[in-house]
Structure formats: structure tokens, C-alpha cells
1. From ALA60, ALA49, ALA40, grab the single residue that is farther than 13 Å from CYS22 by Cβ, under 12 Å from the mean Cα position of the chain (by Cα) and of a type in the set (Gly, Ala, Ser).
2. Restricting to the range 31-40, name every residue that is closer than 19 Å to SER106 by Cβ and hydroxyl-bearing (Ser, Thr, Tyr).
3. Considering only the range 25-62, state which residues are open to solvent by 80 Å² or more (accessible area, probe 1.4 Å), at negative phi and not in a strand (DSSP E or B).
4. Which residues, counting only those in the range 11-22, are in contact with a Ser or Thr (Cβ under 9 Å, 6 or more places away or on another chain) and closer than 26 Å to ASP109 by Cβ?
5. Filter the range 69-121 down to the residues that are in a loop (DSSP other than H, G, I, E, B) and modelled with pLDDT of 95 or more, then identify the one that is surrounded by the fewest Cβ atoms within 10 Å (Cβ to Cβ).
Amino acid sequence: QVQLVESGGGLVQAGGSLRLSCAASGTIFSISVMGWYRQAPGKQRELVAAITSGGNTNYADSVKGRFTISRDNAKNTVYLQMNSLGPEDTAVYYCNLHYTRGLFSSRYDYWGQGTQVTVSS
């Protein structure tokens with residue numbers, strides 16, 4: 001069983017920075033794709049950034065150049081450095097781990113409990 005524990009959310013003024021962390025239990029971290037999603041009130045959950053086991057990254061257009069995702073496989077932890085935050089970044093941020101396994105590449109997803117990020121203008 002995989003457990004994800006997020007930390008680092010909070011209240012920040014526009015233009016400020018925050019760093020989110022997500023620590024994973026289990027032994028599959030190093031082979032998993034890690035991602036950060038967010039969900040604002042009244043909106044669907046959206047992918048913010050993802051990083052593969054090999055370090056390839058993908059970002060939502062809205063955060064490119066401002067957010068950086070990274071991972072430390074030795075610590076089973078993924079990070080999201082968020083700079084130049086704006087009110088539009090206010091949301092609950094969720095850590096996601098997923099991997100595929102088996103003949104038909106079945107996908108397995110795990111989610112953290114979420115951490116609130118609030119950016120005041």
C-alpha cells in the first residue's frame with residue numbers, strides 16, 4: 001500500500017513563493033510517475049506538473065516558467081517549487097503517484113490528502 005503525505009501549503013501574498021513536498025511510503029516510488037494536481041473551488045482537478053522516474057517533466061501552460069517539479073528518489077519525495085504566485089494559483093494541491101504494471105499496462109493511482117495554497121492579492 002502506498003501512502004502520500006503532503007506538506008508546505010499555506011497563505012502567501014501575490015508574487016511570493018512556496019515549496020510543496022510529498023513523501024511516499026512503499027517501494028515503488030523510484031519507478032513511478034509523480035505529479036501535482038490542483039483543484040480550485042468550482043473547478044475540475046487539473047494537472048499542474050509531472051515528473052517521470054527518469055526525470056522528464058511536464059507542466060501546465062499556466063505554470064511554465066514559474067513552477068518547478070523535482071524528485072529525490074533516495075528520500076521517496078517529490079517537490080513543487082512555486083514562484084511568482086498569483087491569486088489564480090489558489091487551490092488545493094494534491095500529490096499523485098502512478099505506475100503501470102502487467103501485460104495490459106494497468107494503471108495504478110494513489111493520491112495524497114491535499115494541501116491548501118492560498119494566494120492573496
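The values are calculated or read from the model by the stated rules, or taken from the named source; none is laboratory data. Keep in mind that what you see is a predicted model, and the values were worked out from it rather than measured. Methodologically, a virtual Cβ is constructed for each residue, glycine included, from the backbone with ideal geometry; neighbour enumeration extends over all protein chains shown. Just so you know, the surface numbers come from the protein's heavy atoms only, side chains and all, with ligands and any DNA or RNA stripped out. Shrake-Rupley method; radii C 1.70, N 1.55, O 1.52, S 1.80 Å.
1. ALA60
2. Correct list: SER32 only.
3. Within the range 25-62, THR27, ILE31, PRO41, LYS43, GLN44, ARG45, ASN56, ASP61 qualify.
4. If the condition is that a residue be in contact with a Ser or Thr (Cβ under 9 Å, 6 or more places away or on another chain) and closer than 26 Å to ASP109 by Cβ, then LEU20, SER21, CYS22 are the ones that fit.
5. Taking the candidates together, the pick is GLN113.
This table checks each residue for (1) of a type outside the set (A, V, I, L, M, F, W, C); (2) touching a residue at least 24 places away in the same chain (Cβ under 8 Å).
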| site | (1), (2) |
| --- | --- |
| ASN58 | yes, no |
| LYS64 | yes, no |
| THR77 | yes, yes |
| TRP111 | no, yes |
